[in-house]
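Here's the structure, in structure tokens; my notes come after.
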Amino acid sequence: MLSLKDAVFYNYFRSSAAYRMRIVMALKGLTPRETVDVDLRNGAQRGEDYLKIAPSGLVPSLDFGDHPHGQSLALIEWIDATYPEPRIIPADPHDALAAREIAFSIACDIHPVDNLRVLNRLTEQFGADNDARTAWYHHWLKLGFDAVETLLKRQKDHGGEGPFALGDTVSIADVCLIPQVYNAERFNFDLTPYPLIRAVNDHCLGLPAFSDTSPDAG
Ligand SMILES: N[C@@H](CCC(=O)N[C@@H](CS)C(=O)NCC(=O)O)C(=O)O
């Protein structure tokens, strides 16, 4: 059976997909055998050595020796199934659906179009300068956060009272949301229109699993 204790975690401190994994491991008190930094600033993700681990050229990934795997959401699902306490995919199927709906709105709809390689491609192919790159980023973030804010409101309207995205308990929705908010702030995105997102973010950052694993934690 695969074990996290035998795995090498390929990480980058500013990667929001890797931050998701750091949060989940911290929530569950898990430490991989080794953490290796892949410096996205100098293109290490496309280096020959890392491509042998991760053919996508993206972080994060986990290498279990003969079995390297990538994709943060797939890895998080594996971690949750293997180390269930505390659960971050809710046991109740409807709650799990709601948690994944918020998580995927971020990880599938916002994150891919705002990724470093996409922003770089805008510059290489269309000559986008920094302002144009930021405008692109803000455009997709606004569409995505408008939707997520509405989903959080629906949770509240359906009795999901509590400080997390789903109410009383932490879930994969918070695990995806807090890194995306970190990123939004880094790109000077105005979060004023999103009181529910801000409230969940403030609450989660009061917990060590979120704050100690933040890119700002050093
Ligand atoms: N769907 C992938 C996305 C991974 C991803 O996009 N990682 C970014 C950092 S957050 C990356 O490695 N970017 C490198 C690049 O754009 O060249 C996952 O969830 O693991």
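Each value in this text was obtained by applying a stated rule to the coordinates, not by laboratory testing. Note that the structure is a prediction, hence the values are computed from the model and not measured. Neighbour counts run over all protein chains shown; Cβ positions are idealised from the backbone, glycine included.
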Can you give the calculated 222 nm mean residue ellipticity of the chain, where each DSSP H run of n ≥ 4 adds -39,500 (n - 2.57) and the sum is split over every residue, rounded to the nearest 500 deg cm²/dmol?
-15500 deg cm²/dmol
For Thr35, other-chain or 5+-apart residues with amide H closer than 5 Å (H placed, Pro excluded) are Phe9
Pop a pseudo-label 7 angstrom from the Cα along the beta-carbon direction at both Glu185 and Thr134 and give the gap in nm to one decimal.
1.8
Exposure proxy order (Cβ contacts within 10 Å, fewest to most) of Phe126, Phe189:
Phe126, Phe189
Based on the alpha-carbon gyration tensor of region 38-115 and its eigenvalue square roots a ≥ b ≥ c, which shape applies: rounded if a/c is under 1.5, prolate if not and a/b is larger than b/c, or oblate?
oblate
For a footprinting-style exposure proxy, rank Tyr12, Tyr182 by other Cβ within 10 Å, fewest first.
Tyr182, Tyr12
Give, as a single signed number, the net charge of other residues whose beta carbon lies under 15 Å from the beta carbon of Cys204, with Lys and Arg counted +1 and Asp and Glu -1.
-3
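So for the chain: antiparallel DSSP bridges make up what percent, rounded to the nearest 5?
65
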Compute the separation of the alpha-carbon centres of region 118-177 and region 80-104 and state it in Å as a whole number.
19
